[in-house]
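A quick write-up on the structure given underneath.
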Amino acid sequence: MLAVLSAAGQRIGYVDTQALLKKHPMYVQAQAEVERLNSQWMGEVQSLFDDSEAMRGQLEAERVLLTTGMIAEREKSIGSALDSAKTRQMRYFAPDGQLFAKREELIAPIQAQVAAAIREVARRKKLDVVFDKGSNLAVVYANESLDITNEVLQQLGF
């Protein structure tokens, strides 16, 4: 009951950041570039995996004709090709890979611009809290005077 009464005095708004981003021409362009790179790099990595698989198939087809040393050499080449494919895959698609970095480079400034616009509108309309409907009702703006983090830390003894 107390929470309801204290919330009644607050001015609350919401925004759909996904809808905002989809209408932002620079965001649409950045997304297209990220998708283009994703497709290009996926094709490149898949080609490397396909090459190593083809090498494995050729080895299996010729195995009876090869000496033990030749088999070992080819298996080493196959392993090297497979390692190369995995390394390339990680370079492009790992959480700290090139695709993530490119996405950050292209999209982060646009997201910052949208966040700044949300803050400005919230201040102009004198809203205390703004939720983001596009991302499961996350808070995208809150009046700093409502932040009780320090008091909670003190209560916890930190």
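Just a few scattered comments:
- In order through segment 39-56: 3J(HN,Hα) via Karplus (6.51 cos²θ - 1.76 cosθ + 1.60), integer Hz, x for Gly, Pro: 5, 4, 6, 4, x, 4, 5, 4, 4, 5, 5, 4, 4, 5, 5, 5, 4, 5
- Label-point gap, in nm, between residue 12 and residue 60 - each point 7 angstrom along Cα→Cβ: 6.0 nm
- 3J(HN,Hα) from dihedral phi, segment 9-17, Karplus parametrisation 6.51/-1.76/1.60, rounded to Hz, x for glycine, proline: x, 8, 9, 10, x, 9, 9, 10, 5
- A cut-off of 5 Å between modelled amide H atoms, ignoring neighbours fewer than 5 places along the same chain, links residue 131 with 13, 14, 15, 140.
- Pairs spanning more than 32 Å between alpha-carbon atoms, out of 22/125; 102/125; 22/86: 102/125; 22/86.
Any read-out appearing in this document is the output of simple, stated calculations on the displayed coordinates, not a laboratory observation. In this text the structure is predicted, and so the values were computed from the model without any measurement. In this analysis, Cβ positions are derived from the backbone assuming ideal geometry, glycine residues included, and neighbour counts consider all displayed protein chains.
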